[in-house]
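Each value in this text was obtained by applying a stated rule to the coordinates, not by laboratory testing. Predicted model only: the values in this text are computed from it and were never measured. Cβ placement follows ideal geometry from the backbone for every residue including glycine, while neighbour counts extend to all protein chains displayed.
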Amino acid sequence: MKALAPVFDHIDRNRRPFLDRLFDYLKRPSISARGEGIAETAEYIAGVLDRMGLETEILPTAGWPVVLARRSDRANGPTALLYGHYDVQPPDPLDAWISPPFEPTIRDGRIYARGVGDNKGQHFANLLAIESLLARFGELPCNVIVLLEGEEEIGSPRLARFVEEHRNLLAADLVVTSDGPVNETGRSCLVFGVRGVALFELRARGARSDLHSGNWGGVAPNPLWTLVHCLGTMKNASGEITIDGFYDDVLPPTPLERRALDELPYDVNEIKDRLGVDELDAPTDRSVADRLAAWPTLTINGLHGGYAGDGSKTVLPCEAVAKCDIRLVEGQTRDDVLSKVEDHVRQHAPGVEFVPLGGMDPSKTPLDSPFAEPIRRGIAEAQGEEPLIVPALGGSLPDYVFTKILGVPAFGVPYANPDEANHAPNENLEVERFFAGIRTGAAILTHLGAAVDKRGA
């Protein structure tokens, strides 16, 4: 598209100041789990948006605030809501970082800092795309709303209520989120959905205190064995989750989704080699794409109790805890699945305490959405390569608040490299992917604005 040439030129001529401004953002800790730097970072990014020429406000929630900004230059044009989050994961363990997590550093063509990939660097690229369009043309090709929340890294517990209470401020035609990595091959993706997640704990108790396993083994109950037996009733060796009704609401892929899943380029042998495993999880005949997009999972995140230090300690523990997550696919809901798990535990291990810990519902946008084509064209023009079509990511984002509360399609356009190490030490984003993200954001907005107006104008 000819109109994008001056925008791309502007981005190229501002590489150093754009990097400097990203670094200024990354230097500000905004750890939602601890509340560290949240208010200051919200004020900072709101100031950035305001100086760009967007009408900006900071709106309170019962937790951390939401930064909301808008600009409407096209009376009859589509409105794209750009979602992101200004909060980041805790940086621990600090001694595993090569450079300090809040002192952005470039090494070997990568920016290292906490939050650079997840998600400050990615949504800041979209903000600079807006700024670049305004710098060249004085107006935007389509209307935009920017929503940056401060609680994504703790599960977005208040975003659904915020969206319900502010529908009038969030009246958009579609949502675009740039978060997560591109495909393992390095190719960009256009993502149409995410799996949901349901979180829970199981707690078992035995005697009042830990006991000598010789004196009391076989006499006092062992809560670790209680949890092992309970967990064993939830999933069999064939990989089937055996909780009653668990699969009842799972929707199979549509024909378009089936075709897209079959075309995704996963190399099973390379994946096994990289993971250091001989086989993938059961069932072994399921494709990688189907595993990540079309099927729910049950994961034991941790099993805790008794002694786990060096050497041995012949202890019979008095309590044990299992932490678990379930990844949900379209058709399932967090509340329904957690209810089924609770019923299962009550039936198979009535002495075990079930503790729901929240989560979020899955989200899905049809592959034939009319907004998909202009987004695809924007990605291809900015990056010189067609994106892969991904029906759903394996991970979770709060897209359901847009598709199921606002009732609008939601798309993911990730910019980060596959090995971004988000949530881990030495989180990073390749410098060139950051600038490709700015170009891509500008191209997507431009192609959306050039598409046939939804009102037929």
Practice problem: Return an integer: the convex hull volume of the alpha-carbon atoms of the stretch 307-356, in Å³ per residue. | Solution: 109
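Loop-only check: which GluC sites (Glu not before Pro) in the stretch 136-224 are DSSP coil with at most 14 other Cβ within 10 angstrom?
Taking the stretch 136-224 and a limit of 14 other Cβ atoms within 10 Å, the loop GluC sites (Glu not before Pro) found are GLU139.
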Quiz item: Counting every Cα pair in the chain, what percent are over 32 Å apart?
Solution: 43
Quiz item: For the stretch 278-317 and the stretch 199-222, what is the separation of their C-alpha centers, rounded to whole Å?
Solution: 22
Self-check item: Exposure proxy order (Cβ contacts within 10 Å, fewest to most) of ASP285, ASP173
Solution: ASP285, ASP173
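Can you say what percent of the DSSP beta bridges in the stretch 65-199, counting only those with both residues inside, are antiparallel? Round to 5.
Values: 8 of 19 bridges.
Of the beta bridges lying entirely in the stretch 65-199, close to 40 percent run antiparallel.
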Quiz prompt | Mean ellipticity per residue at 222 nm, deg cm²/dmol - from DSSP H runs of n ≥ 4 across the chain, formula -39500 (n - 2.57) | solution = -9500 deg cm²/dmol
Self-check item: Exposure proxy ranking, count of Cβ atoms within 10 Å, fewest first, for GLU131, GLU279, GLU353
Solution: GLU279, GLU353, GLU131
Quiz prompt | Neighbour net charge for ASP278 - beta-carbon separation under 15 angstrom, K R +1, D E -1 | solution = -2
Exercise. At a Cα cut-off below 18 Å, give the aspartates and glutamates reachable from LYS272, other chains included and same-chain residues fewer than 8 away excluded.
Key: GLU184, ASP281, ASP285, ASP290, ASP419
Quiz item: If you project the alpha carbons of the stretch 328-371 onto the principal axes, what extent comes out on each, in Å, largest first?
Solution: 52, 17, 9
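Among DSSP beta bridges lying fully in the chain, give the percent that are antiparallel, nearest 5.
Numbers: 47 of 68 bridges.
The antiparallel proportion sits near 70 percent.
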Quiz item: For the pair LEU19 and GLU57, what calculated FRET efficiency results from E = 1/(1 + (r/R0)^6), where r is the Cβ-Cβ distance and R0 = 30 Å, to the nearest 0.05?
Solution: 0.60
Quiz item: Which value results for Rg/Rh of the stretch 21-99 when Rg is the Cα radius of gyration and Rh the Kirkwood radius based on the inverse mean 1/r?
Solution: 1.06
Quiz prompt | Extended-chain gain in nm, criterion 0.36 nm per residue less alpha-carbon gap, ARG203 and ASP249 | solution = 13.8 nm
Quiz prompt | Gyration tensor (alpha-carbon) shape descriptor, the stretch 306-440, a/c threshold 1.5 | solution = oblate
Practice problem: Give the shape of the stretch 9-142 as rounded, prolate or oblate, defined through the alpha-carbon gyration tensor: a ≥ b ≥ c are the square roots of its eigenvalues, a/c under 1.5 means rounded, and otherwise the shape is prolate if a/b is larger than b/c and oblate if not. | Solution: oblate
Exercise. Would you compute the Debye intensity of the stretch 31-75 from its alpha-carbon atoms alone, equal scatterers and no solvent, and pass along log10 I(q)/I(0) at q = 0.20, 0.22, 0.28, 0.34 Å⁻¹ to two decimals?
Key: -0.65, -0.74, -0.99, -1.19
Quiz item: ASP262 versus ASP290, label points 7 Å from Cα toward the beta carbon: distance in nm?
Solution: 1.2
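Assign one of three labels to the stretch 132-183, namely rounded, prolate or oblate, based on the Cα gyration tensor with a ≥ b ≥ c the square roots of its eigenvalues; rounded applies when a/c is under 1.5, prolate when it is not and a/b is larger than b/c, and oblate otherwise.
Values: a/c = 2.56, a/b = 1.42, b/c = 1.81.
Oblate shape, in that a/c is at least 1.5 and b/c is the bigger or equal ratio.
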Self-check item: Sorted by Cβ density within 10 Å, fewest first, the residues ARG16, ARG195
Solution: ARG16, ARG195
Self-check item: Where only alpha carbons of the stretch 178-267 are counted, the Rg and the Dmax (Å)
Solution: 21.8, 63
Quiz item: Quick one: if you stick a label point 7 Å off each Cα along the C-beta vector at ALA5 and ASN236, how many nm between them?
Solution: 6.5
Quiz prompt | Estimated distance in nm for a label pair at HIS304 and GLU164, the labels positioned 7 Å out from Cα along Cα-to-Cβ | solution = 3.1
Practice problem: Add +1 for every Lys or Arg and -1 for every Asp or Glu among the other residues with Cβ under 11 Å from the Cβ of GLN122, and state the total. | Solution: -1
Quiz item: Separation of the stretch 225-262 and the stretch 115-141 by C-alpha centroid, Å?
Solution: 40
